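I have placed the structure first, in the form of structure tokens, so that the comments after it can refer back to it.
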Amino acid sequence: MLHTPSGGAGHGAAATDSGLMSIGTVLNVLRDEFPDISISKIRFLESEGLVEPRRTPAGYRKFSARDVERLGQVLRMQRDHYLPLKVIREHLDAVERGEAVSLPTVGPQRDGESAEAAASGPTVGRIGRDELLAAAGIEDRDLKEWESYGLLAPLPDGAYDAEAVTVASLVVQLGSFGIEPRHLRVMKAAADRDAGLVDQVVAPLKRHRNPQTRAHAEARTKELAGLAVRLHAALVQTALGVRLP
């Protein structure tokens, strides 16, 4: 739960008597939980219809405590569930209408979550370019650079698959340690080789005449992918002599 200022003494001109906050005050409130938040991102979320602050006669934005709480929900759902903004907006709007809706799932599963549990809710598999930029907190030039190294690639219609948010977030985190995108090409090449091996194993199932067998190919692909990821993680830990929590 976000703790928002009430607009009383101590906040000066940043808040009004009615408890409304300036965008600068909102930024400070959110920054405790979301260190990478920026004024431009708040404005972008407003432009996407995620929040609708009031406007003063001079055109300045004024946010209520409910606005700030909703922004926190949006950022939390992006960070923890890798959801596109359109899906987040529709979900929050449905909740505010009093509808009983389940949270859509997208991206990687949480630790300990089974494939069956992840599949129990609706799944969103696509994200727009602007949504990807906002979710990862990057500029368009960054995304273009990553695409040049093959780390990310748009679908034919210009959108991205759900895992793009995870990839972008991890590239950002590795960058904070001085690992540049060009250094990650070796990881991309290794991932492509792993994918090729898995595809080679399941290819006969995909070509089978029996529809049930072909349907089984997807489950087998996920199972093999999970094993490959676990093996890669174990090999990296062994090579470095560390054990991840």
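When region 168-213 is examined, which residues are found to be modelled with pLDDT under 90, assigned to a loop (DSSP other than H, G, I, E, B), out of contact with any helix residue (DSSP H, G or I) (no Cβ under 6 Å at 6 or more places or on another chain) and of a type outside the set (A, V, I, L, M, F, W, C)? Within region 168-213, Ser176, Gly178, Arg207, Arg209, Asn210 qualify. Can you tell me which residues in region 33-57 are open to solvent by 30 Å² or more (accessible area, probe 1.4 Å) and among the β-branched types (Val, Ile, Thr)? Hits for region 33-57 are Ile39, Thr56. Looking only at region 214-245, residues that are at pLDDT below 85 and exposed (fewer than 10 other Cβ atoms within 10 Å of the Cβ) come to 4 in all. Tell me which residues, restricted to region 1-47, are at pLDDT 85 or above and among the β-branched types (Val, Ile, Thr). Listed by number, the residues that qualify are Ile23, Thr25, Val26, Val29, Ile37, Ile39, Ile42.
The values are calculated or read from the model by the stated rules, or taken from the named source; none is laboratory data. What you see is a predicted model, and the numbers here were worked out from it, not measured in a lab. Positions of Cβ are generated from backbone atoms using ideal geometry, with glycine treated the same way; all protein chains shown enter the neighbour counts. To get the accessible areas, we keep the full protein, side chains included, count just its heavy atoms, and leave off ligands, DNA and RNA. Shrake-Rupley method; radii C 1.70, N 1.55, O 1.52, S 1.80 Å.
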